[in-house]
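**Q** Pasting a structure below so you can have a look.
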Amino acid sequence: MTVVPNDHRFQPINLFEYEKLAKEHLSQMTLDYYSSGAWDEITLRDNRAAFERVKLRPRILVDVSDRNLTTSILGQPLQLPLLIAPMAFQCLAHPDGEVATALAAASAGIGMVLSTMSTKSIEEVATACDKFPDSLRWFQLYIHKDRGLTRALVEKAYKAGYKALCLTVDAPVLGQRERDRRNEFALPLDLHLANLATISGLDISHEKGESGLFTYFAQQLNPAVTWDDLEWLQSLSPLPLVIKGVLREDDAVRAVEYGAKAIVVSNHGGRQLDGAIASLDALVEIVAAVDGKVEVLLDGGIRRGTDILKALALGAKAVLIGRPILWGLAVAGQVGVSHVISLLQDELNIGMALSGCAKLQDINPSLLTLPRL
């Protein structure tokens, strides 16, 4: 059911308008942190442009009077093929932060991936979602230099009922985001890294200069992590492993060989290696390479329901969406996030009908015209 806010302040009817409105609610430092990409932001822009290059070829005279958008990921049902991507520091957008985001996701029957760098803890988010025991909730993590820290995070996530571990693998070091460097980005005094403070005792929120965030990652991101470390990570819990940050088909094949149950095709929202291939452009070869052995998801550039349609037509089982969720959160907390999800649901529903698809299984590559190289 469509959720349309009644408050007179709500004018946005699409995600682009939410972004514009969010700028009125965020400090320049926070806006830049959320919206920036690495270096020249080429990959950031190309993630969006990739969807605009792909065109739809709709079928006609198909009965689409009864449409079904439901699917499942790792055996868990979803009301539509959408998850909220892991994003740090959501309390910068709204005091309820990740709790509001998780509640909006659970209420809509979609997935939520909680970031290690969240400003609400693993336990706080899980407790808030108690009335949605079957909601899809994953925990995103890194393999830190401090293996004890990684182990503790995994144990907390497993105990709190998270359904999978989503390992980010495209950040052996932190990409350079020049807007953050110029702003000397740091957390406000009243915010902290909720998942890390009780484990590591780090206090990075007051650091200035280059940024407490950069300092933390310089200390704990581990450029020595290799494929062999995945066995150790999987030994810590029975939770299935999802690998996020895959852009090459050979890496996708290795991820399957090393036990991954799902893959997220992602370039970290253009925030790591600038000049990297757009996520959508990497999708087709990765889907072909894994040959149905694992589920493939896509992250990066989704702004319309028809973008979800295009990603599914190219073989993704579902997509993750990031920044627009933050825009909704900044504008109206949980209600804003729910509205963003609802807009995408409505657009996907209409896009499927206009493309001659009554259910997700009807979506296939014949619906698309791809750009010629």
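The values are calculated or read from the model by the stated rules, or taken from the named source; none is laboratory data. This structure is a prediction, so every number in the text was calculated from the model and none was measured. Reconstructed Cβ throughout: ideal geometry from the backbone, glycine too, with neighbour counts over all protein chains shown.
**Q** Being under 19 Å from Val99 (Cα atoms), modelled with pLDDT under 85 and either among the polar types (S, T, N, Q) or over 23 Å from the mean Cα position of the chain (by Cα) (or both) is the filter here; which residues of region 159-216 pass it?
**A** The answer is Ala197, Thr198.
**Q** Any residue in region 291-302 that is without any contact (Cβ under 8 Å) to a residue 24 or more places away in the chain and acidic (Asp, Glu)?
**A** Checking region 291-302: at least one residue is without any contact (Cβ under 8 Å) to a residue 24 or more places away in the chain and acidic (Asp, Glu).
**Q** So which residues in region 337-373 are in a strand (DSSP E or B) and at pLDDT below 95?
**A** none
**Q** Right, next: Taking Leu309 and the conditions (1) in a loop (DSSP other than H, G, I, E, B); (2) closer than 16 Å to Ala50 by Cβ; (3) touching a strand residue (DSSP E or B) at 6+ places or on another chain (Cβ under 9 Å), which numbered condition does it fall short on, given that it satisfies the others?
**A** Answer for Leu309: the failing condition is (1).
**Q** Which residues, counting only those in region 315-331, are surrounded by fewer than 23 Cβ atoms within 10 Å (Cβ to Cβ) and either within 17 Å of Asn364 (Cβ to Cβ) or of a type in the set (Gly, Ala, Ser) (or both)?
**A** Correct list: Gly315, Lys317, Gly322.
**Q** Within the group Ile341, Ile308, Ile325, which residue is β-branched (Val, Ile, Thr) and within 23 Å of Ala171 (Cα to Cα)?
**A** Just a single option satisfies the conditions, and that option is Ile325.
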